[in-house]
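Asks: Before we start, here is the structure in question, set down as structure tokens.
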Amino acid sequence: MEPSPATGGSETTRLVSPRDRGGAGGGLRLKSLFAEPSEPLPEEPKPVEMPSHHCHRDPLPQPGLTPERLQAQRQLCAACAVCCVFMAGEVVGGYLAHSLAIMTDAAHLLADVGSMMGSLFSLWLSTRPATRIMTFGWHRSETLGALASVVSLWMVTGILLYLAFIRLLHSDYHIEGGAMLLTASIAVCANLLMAFVLHQAGPPHSHGSRGAEYAPLEEGPGEPLPLGNTSVRAAFVHVLGDLLQSFGVLAASVLIYFKPQYKAADPISTFLFSICALGSTAPTLRDVLRVLMEGSPRSVGFEPVRDTLLSVPGVRATHELHLWSLTLTYHVASAHLAIDSTADPEAVLAEATSQLHSRFGFSSCTLQVEQYQPEMAQCLRCREPPQA
């Protein structure tokens, strides 16, 4: 039994048996009939680009790495390959020359490899979207990679310091001056090559999202300045430090080559360069601990941010101001803004967000706007935190 099709543009249904449709199988099927089959289906609503002050200042990020990050990835891959090759060469050369100073330089190269591998890993992870568990994304993997690099350098350096101390106590060792001199010369060339690969002549031009490509500004209006990829610049500075250490090892090898009786220069230089290597990790360790402990960004002060928010028309007070970082360049801010009853909340939110982005380069800002109450002046939770 089939209902007669309705006229006009209404929709009707009918039950069709398997015999009616002349096909194999069983059961009943529900069909939808339209009066005008050629009528196109309504299109799904397309996402609309909202104003920047709505909640997202930057446009929707494109999948994959930005051109600047692709360039950084190529530079880091090339430098990491060179570093691995010459690190292996230094290990072999140091073993053949019985030189701890060469081994110390190889350990420093190991730290460079770990740092660059961590940067490459973080670049790859940065392309992954945020999830309901990792709501901020995977930015902090860069910080964890830096911490692992520091710990590995400390472990290797501790072993080399122990061996150098044993050599100073017992002089029953021999240094192959020729092998040590050759290996040290190659190490200097390797560090020069890595510095050339990582060298950035100037800041790249970018139209992308601000994230990790910009450094915050303490003073002055305008947009943040592009400074290139942070990982590449950090690796370049680290390689310059390695280059100076390689020159020191080269000087010690020249002394031992021409004056074998001064073989104690090898363990002594190992002590000196190990101290330099450990000292070079102090700024990295300080920054890593600051990020992991949710400290405020080193280049952004609490007072300038507070004063900027208070300068927005209509804002009477601020509280619950929190500043922290996911990485050294991905800064986040949140605050409560107490406004006058006559102020426009949307205008205050737009102006405050714009000020935080343009003056300090925050990658993410969360601001809560509320009406000012006189009780806020005596509220203990609304007071500013004390000086550290």
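Asks: Can you tell me which residues in the range 106-137 are part of a helix (DSSP H, G or I), within 21 Å of SER364 (Cβ to Cβ) and open to solvent by 30 Å² or more (accessible area, probe 1.4 Å)? Please lay out each step first, then the result.
Replies: First, the residues of the range 106-137 that are part of a helix (DSSP H, G or I): 106-126.
Narrowing the set further to residues that are within 21 Å of SER364 (Cβ to Cβ) leaves 122-123, 125-126.
Selection gives SER126 alone.
Asks: Continuing with the same structure: Would you say ARG128 is free of Cβ contacts under 8 Å to residues at least 12 places away in the same chain and out of contact with any Cys (no Cβ under 9 Å at 6 or more places or on another chain)?
Replies: Against the criterion (free of Cβ contacts under 8 Å to residues at least 12 places away in the same chain and out of contact with any Cys (no Cβ under 9 Å at 6 or more places or on another chain)), ARG128 qualifies.
Asks: Can you tell me which residue in the range 260-277 is least open to solvent (accessible area, probe 1.4 Å), limited to those that are aliphatic (A, V, I, L, M) and over 20 Å from GLU176 (Cα atoms)? Give the derivation first.
Replies: Within the range 260-277, the subset aliphatic (A, V, I, L, M) is 264-265, 268, 272, 275, 277.
Keeping just the survivors that are over 20 Å from GLU176 (Cα atoms) gives 272, 275, 277.
Details: LEU272: 101, ILE275: 112, ALA277: 3 Å².
Checked the range 260-277; the qualifying residue least open to solvent (accessible area, probe 1.4 Å) is ALA277.
Asks: Also, I was wondering about something else. Hey, can you tell me all the residues within the range 327-349 that are among the polar types (S, T, N, Q) and assigned to a loop (DSSP other than H, G, I, E, B)? Show your work before the answer.
Replies: Filtering the range 327-349 down to residues among the polar types (S, T, N, Q) leaves 327, 329, 334, 341-342.
Within the range 327-349, THR327, THR329, SER341, THR342 qualify.
Asks: On to the next question. Could you give every pair whose Cβ atoms fall below 9 Å, whose first residue belongs to the range 286-300 and is charged (D, E, K, R), and whose second residue is assigned to a loop (DSSP other than H, G, I, E, B), counting only separations of at least 6 or pairs across chains?
Replies: ARG286/ARG298; ASP287/ARG298; ASP287/LEU328; ARG290/SER296; ARG290/PRO297; ARG290/ARG298; ARG290/LEU328; ARG298/LEU328
Asks: From the list LEU181, LEU192, exactly one residue is open to solvent by 50 Å² or more (accessible area, probe 1.4 Å), of a type outside the set (S, T, N, Q), part of a helix (DSSP H, G or I) and at pLDDT 85 or above. Which is it? Show your work before the answer.
Replies: Numbers: LEU181 fails: open to solvent by 50 Å² or more (accessible area, probe 1.4 Å).
None of the others qualify; the one that does is LEU192.
Asks: Still on this structure, please answer the following. Pick out the one residue from ALA347, ALA277, ALA282, ALA338 that is assigned by the TED database to the domain that holds GLN371 and either closer than 30 Å to LEU100 by Cα or in contact with a strand residue (DSSP E or B) (Cβ under 8 Å, 6 or more places away or on another chain) (or both).
Replies: Working: ALA347 fails: either closer than 30 Å to LEU100 by Cα or in contact with a strand residue (DSSP E or B) (Cβ under 8 Å, 6 or more places away or on another chain) (or both); ALA277 fails: assigned by the TED database to the domain that holds GLN371; ALA282 fails: assigned by the TED database to the domain that holds GLN371.
The match here is ALA338.
Asks: Would you mention how many residues in the range 278-326 are in contact with a helix residue (DSSP H, G or I) (Cβ under 7 Å, 6 or more places away or on another chain), within 28 Å of ARG233 (Cα to Cα) and assigned to a loop (DSSP other than H, G, I, E, B)?
Replies: 3
Asks: Has the range 84-96 got any residue that is under 17 Å from VAL249 (Cα atoms), within 21 Å of the chain's Cα centre (by Cα) and outside the structural domain of TYR330 (by the TED database)?
Replies: no
Asks: Residues of the range 303-323 being open to solvent by 50 Å² or more (accessible area, probe 1.4 Å) and of a type outside the set (Lys, Arg), which ones?
Replies: In the first step, residues of the range 303-323 are kept if they are open to solvent by 50 Å² or more (accessible area, probe 1.4 Å); the result is 303, 307, 310-311, 313, 316, 320, 322.
Scanning the range 303-323 gives GLU303, ASP307, LEU310, SER311, PRO313, GLU320, HIS322.
Asks: Being of a type in the set (D, E, K, R) and in contact (Cβ under 8 Å) with a residue 24 or more places away in the chain is the filter here; which residues of the range 337-388 pass it? Reasoning before the result, please.
Replies: Let us first name the residues in the range 337-388 that are of a type in the set (D, E, K, R), namely 340, 344, 346, 351, 359, 370, 375, 381, 383-384.
Within the range 337-388, ASP340, ASP344, GLU346, GLU351, ARG359, GLU370, ARG381, ARG383, GLU384 qualify.
Asks: Evaluate the range 218-230: report whether one residue or more is in a helix (DSSP H, G or I), surrounded by 18 or more Cβ atoms within 10 Å (Cβ to Cβ) and at pLDDT below 90. I'd like the intermediate steps shown before the answer.
Replies: Step one: of the range 218-230, the residues in a helix (DSSP H, G or I) are 230.
Now narrow it down to the ones that are surrounded by 18 or more Cβ atoms within 10 Å (Cβ to Cβ): 230.
Pick out the ones that are also at pLDDT below 90 and you get 230.
Yes, there is a match, as at least one residue in the range 218-230 is in a helix (DSSP H, G or I), surrounded by 18 or more Cβ atoms within 10 Å (Cβ to Cβ) and at pLDDT below 90.
The values are calculated or read from the model by the stated rules, or taken from the named source; none is laboratory data. Quantities reported herein were computed from a predicted structural model and do not represent experimental measurements. Glycine also receives a Cβ, built like all others from the backbone with ideal geometry; neighbour counts cover every protein chain displayed. When the accessible area is computed, the model is the full protein with side chains, heavy atoms only, and any ligands, DNA or RNA have been set aside. Shrake-Rupley method; radii C 1.70, N 1.55, O 1.52, S 1.80 Å.
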